[in-house]
1. Restricting attention to the stretch 1-19, which residues are surrounded by 11 or more Cβ atoms within 10 Å (Cβ to Cβ) and not β-branched (Val, Ile, Thr)?
2. Please go through the stretch 34-45 and pick out each residue that is at pLDDT 85 or above and either touching a His at 6+ places or on another chain (Cβ under 7 Å) or surrounded by 10 or more Cβ atoms within 10 Å (Cβ to Cβ) (or both).
3. Among (1) surrounded by fewer than 11 Cβ atoms within 10 Å (Cβ to Cβ); (2) in contact (Cβ under 8 Å) with a residue 12 or more places away in the chain, there is one condition Ser31 misses while meeting the rest; what is its number?
Amino acid sequence: TPVVLVASQELAKEILANKSGHFLKTPPPPSLRPLVTGTISYDGEKWAVHRKILNPAFYFEQIK
């Protein structure tokens with residue numbers, strides 16, 4: 001499976017905000033699963049549920 005690493009903050013923001021449907025999340029290798037299991041590795045409905053739970057933590061007033 002090809003892998004693309006993005007070092008540009010602006011490009012990463014563009015990809016995540018507008019192009020995420022063009023990329024598939026691949027499962028992490030077994031050795032890394034304990035480190036990356038969570039919202040960032042979820043897809044579909046499971047991701048939506050966890051993102052909804054976490055969303056209030058990212059409101060501007062909470063970040064101040």
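The values are calculated or read from the model by the stated rules, or taken from the named source; none is laboratory data. A quick note: this is a predicted structure, and the numbers were derived from the prediction, not measured. Please note: Cβ atoms are built from the backbone with ideal geometry, for glycine as well, and neighbour counts cover all protein chains shown.
1. Correct list: Leu11, Ala12, Lys13, Glu14, Leu16.
2. First, the residues of the stretch 34-45 that are at pLDDT 85 or above: 45.
Those that are at pLDDT 85 or above and either touching a His at 6+ places or on another chain (Cβ under 7 Å) or surrounded by 10 or more Cβ atoms within 10 Å (Cβ to Cβ) (or both): none in the stretch 34-45.
3. Exception for Ser31: condition (2).
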